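The values are calculated or read from the model by the stated rules, or taken from the named source; none is laboratory data. Bear in mind that the values here come from a model prediction, so they are computed numbers and not experimental data. Cβ coordinates were reconstructed from backbone atoms using ideal geometry, including for glycine residues, and neighbour counts include every protein chain displayed. Ligands, DNA and RNA are excluded from the accessible area calculation, which covers all protein heavy atoms including side chains. Shrake-Rupley method; radii C 1.70, N 1.55, O 1.52, S 1.80 Å.
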Amino acid sequence: MNDCRPTFDHAIVAAARERLAAGNAELRASYEAHPSTSKLLQGRAALVDRTIVELWRSLGPGDDAALVAVGGYGRGELFPYSDVDLMILLREPADKQVQACVSDLISALWDVGLEIGQSVRTLDECMDVAMQDITIQTNLLEARLLHGDRALFDAFTDRFRETLDVRAFFKAKSLEQEQRYARFNDTPYSLEPNCKESPGGLRDLQMLGWIARAAGLGKNWRELARKRLVTGGEASELRSVERFLQHIRIRLHYLTGRGEDRLLFDYQENLAQLMGFSATAAKRASEVMMQRYYLTAKKLIQINTILLQNYGTVIFPDRGGPAIVINERFQAVRELLDVRHDAVFEKYPSALLECFLILQQRSELKGMTARTLRTLWLNRNRINASFRADPDNRALFMQILQQKRGIVHEFRRMNQYGILSRYIVPWRKIVCQMQHDLFHVYTVDQHILMVLRNVRRFTMGKHAHEYPLMTRLILGFERHWLLYVAALFHDIAKGRGGDHSHLGMVDARVFCAQHDFDPEDTELVVWLVEHHLTMSNVAQKHDTSDPEVIQRFADIVQNERRLTALYLLTHADIRGTSPKVWNGWRGKLLEDLFFATQRLLRGATPQQALGLDDRQEDARRMLRYYGLRPGVEEALWEQLDAVYFMRNSAEEIAWHTRVLYYRTASEEPVVKARVSEEDQGLQVMVFTRDQKDLFVRLTGYFGRRGFSILDAKVHTTRHGYALDSFMLQDPGSRAQYRDIVTLIEHELGDRLRKAGPPDQPSSGRLSRHVKHFPITPRVSIRPDEAGKHYILSLTAADRPGLLHGVAEVLARNGIDLHTAKIATLGERAEDTFLLTGRGLSQDAHVLKIERELMDYLQV
């Protein structure tokens, strides 16, 4: 290493600071006079290049080091207040003299007014960290030599390319996008979006560019079009979208005087004026601008979906296989729904709805092919008055609304591609419509879809820990899909002027009449739309300890079915306004009003909600049948939460209680096994003080014994015991389960008493079916609404020891498992886990766990 320049010349730094400030002012003036994003972004990068190289020549560590621009700066684009990311590449580890030179250089760069992010690494260190950290790998992907050792930089570039695993990079960036989307609730339609990070923001464009560069597919949108990854029209739209978002971010930086990327209400009106938007008779300039922003984000998400699919086809050519014909209109290709020819929607207009129904009914399909999405968008206008009047199309829409799965996903997709606004005409007026109040953080259409999502979650067992009462109520509510209809229409008349509740009643009544609802169901839906604000208003603004208040509210609801429906819709509506609006106080007010009114309508003290009450009563009757005295169950049951009773049948609850009622504080592990009905498997229950890696130990034992875990229910009691139950099957032979019940009870109990290492399951092979028709693994870790737990959802091909491997990954990362729901559907495992752990609040740690799980699931 050459001696670095020892002189810190303050005059040189001061002169550089003046030239930089003058250059920035000149660039800003030029931009404001003739706005050109490329001229500004590239001009600022070039200005910063000159400033940094000048100081490097005075203060840098010598000619046998390389000064490298990385990240967005490496791309040759720099926004007005973006950080400047640098890497100093060395041939040998830095000694004290080099460290001093680097310190002086960085100090000087800060002194001239640059916000620097720097790293100092040797070539080997670069490769090591790049392979371990996807963020660093991405930054290095766009490395650009500024000054110094060209041979060293070329060696770095060659080694980086050699070690870059394009497939792993694609998977990691896809997972990273999912995680980023989840952070913004999977919607670009927040009223204060982040123009860089939100779905449909600049980060989406950057990610598409990173993958294309890593895979050698192209360096700009035109090159992607030449390779037929996008159409020429889509390439033009991408450039238009990019320019608009760049203008937004540039103006926002200049307006705030800092690197601000959030389109906060404080800035929107001034920003709209700077962007040249004008107010209309009905909308402020800021609303006009934001609607343009949302439509831009919507378009970007559409093309992003198409382009990622096309990337995947090129990067994973071996994932193909013959198309599987579904019907004369559709086929399955690479786990995606595909039109069988480009004229499908023209020849069969009803297929515009049928495609969404097929996605709901076939869980193996992950989405639609790029061809189908393009064709769907181009044919959306075929949904006209005659289409909407067709009884078959109305029946199709109602089927979509009443499916057991995929309702929220498909309604979001229908909204994204313009189908929902063509079918429900009033919906057109609320697409991307802002609403300015203290509660809502989404546009009207997205708020409605959030409410639909919340009502849907009430019906799902994996969310029972979040909404135990809601789940119990909705499971006892006949034709609960009527609440979905009420959710769709409750705010559909916003922005028209007048009372949106009363205007929405009219739209709801028309919809119900067109779709042949029974009069009773029609009146319930219309009543819910009319009164969707009533319960929250009474609970939060009236004295609910006053019997007259409760009586007036009871007079409005009239019966318990209406009360339950309104409570569920109100709960979902408040939660759908903003993640921050819902709190325990509001929940308690609503709950108190609900139970007080329920007592009044029943004329007696309210009972617990339908499903749980019935299950507990059935379990009590079974206990009496076995000769146990009344009340014997209380010691155990008071330690169990609602989730336990939701996820176990009355017969299972009775079995557990018979075994444990006198051992609720047992110091010895309790293991009981029994043959399932019709001798189709083995049911095993474990009750013991909770211990570290217990789930790993249990799954390891079952795996070593060669059992396939068909179902698992994991619970932690209030007093710190694990109560876990498993449904097991021996896939390799027709086992005589009765012969091994005692063996398992003794052997597993003995292992739990001893502190030995967990068993390792025997290695197993994937089935031939999975080899020929692979299931692409999916992993998602997201916080629940309360922010206290995280939900891990995974889908993968089932194989022996699968659950044990997942449990090991969680344990290795210090994650605690609270509940688990394991569902094995043929060759397909769809599992859900409720987790806690300190690292789960950190995106990098969540991404690390997701990647480890994906690596394991793909082996």
Item to check | Gain on full stretching of the segment that runs from Asp165 to Thr664 - 0.36 nm per residue minus C-alpha separation | outcome: 174.4 nm
Next on the checklist: Taking loop as defined by DSSP and a crowding limit of 10 other beta carbons within 10 Å, which GluC sites (Glu not before Pro) in segment 391-496 fit?
Outcome noted: Glu478
Checklist entry - So who's got an amide H within less than 5 Å of the one on Asp690, skipping anything under 5 residues away but keeping other chains? H placed 1.01 Å off N, in plane. => result Tyr721, Ala722
Item to check | Heavy atoms of Ser286 accessible to a 1.4 Å probe, total area in Å² rounded to 10 | outcome: 0 Å²
Checklist outcome for this item: In order over segment 14-19: 3J(HN,Hα) from phi, Karplus 6.51/-1.76/1.60, θ = phi - 60°, whole Hz, x for each Gly or Pro, gives 5, 5, 5, 5, 5, 5
Next on the checklist: Between helix 500-514 and the chain, what is the angle of the helix's C-alpha long axis to the longest principal axis, kept within 0 to 90° and rounded to the nearest 10?
Outcome noted: 70 degrees
Item to check | Mean-position separation - Cα centroids, segment 476-543 and segment 652-677, in angstrom | outcome: 47 Å
Checklist outcome for this item: Of 563-569, 336-342, ordering from highest average Cβ density within 10 Å down gives 563-569, 336-342
Checklist entry - If one takes the longest principal axis of the Cα atoms in the chain, at what angle in degrees, from 0 to 90 and to the nearest 10, does the Cα axis of helix 741-753 lie? => result 50 degrees
Next on the checklist: Within 10 Å of each candidate Cβ there may be at most 11 other Cβ atoms; applying that plus a DSSP loop requirement, which GluC sites (Glu not before Pro) in segment 1-102 survive?
Outcome noted: none
Checklist entry - For the Cα atoms of the chain, what angle does the longest principal axis make with the long axis of helix 265-274, in degrees from 0 to 90, nearest 10? => result 40 degrees
Checklist entry - segment 109-145: which GluC sites (Glu not before Pro) are DSSP loop and have at most 13 other beta-carbon atoms within 10 angstrom? => result Glu115
Next on the checklist: Among 501-513, 701-713, how do they line up by average Cβ neighbours within 10 Å per residue, starting with the highest?
Outcome noted: 701-713, 501-513
Checklist outcome for this item: Applied in sequence order to segment 468-473, the curve 6.51 cos²θ - 1.76 cosθ + 1.60 (Karplus, θ = phi - 60°) yields integer Hz couplings, x standing for Gly and Pro, of x, 5, 4, 5, 4, 5
Checklist entry - HN-Hα J couplings of segment 850-856 from phi, Karplus 6.51/-1.76/1.60, θ = phi - 60°, integer Hz, Gly and Pro as x? => result 4, 5, 5, 5, 4, 4, 5
Item to check | When each of Lys173/Lys299; Lys171/Lys219; Lys283/Lys429; Lys173/Lys196; Lys298/Lys429 is checked by Cα-Cα distance, pairs over 18 Å | outcome: Lys173/Lys299; Lys171/Lys219
Next on the checklist: Please report the carbon-and-sulfur percent of the accessible area for the chain; probe 1.4 Å, protein heavy atoms only, DNA, RNA and ligands left out.
Outcome noted: 49 percent
Checklist outcome for this item: Between Asp133 and Thr742, Cβ-based FRET efficiency (R0 45 Å, step 0.05) works out to 0.30
Checklist outcome for this item: In deg cm²/dmol, rounded to the nearest 500, the helical mean residue ellipticity at 222 nm of the chain, built from -39500 (n - 2.57) for every DSSP H run of length 4 or more, is -17000 deg cm²/dmol
Next on the checklist: Quick check: the distance between the Cα centres of segment 131-189 and segment 278-335, to the nearest angstrom?
Outcome noted: 24 Å
Checklist outcome for this item: Scoring the chain by relative contact order with C-alpha pairs under 8 Å, at least six apart, yields a percentage of 7 percent
Checklist entry - Any idea what the relative contact order of segment 215-345 is, in percent, if you count C-alpha pairs under 8 Å spaced at least 6 apart? => result 15 percent
Item to check | Accessible surface, the chain, averaged per residue in Å² (probe 1.4 Å) | outcome: 43 Å²
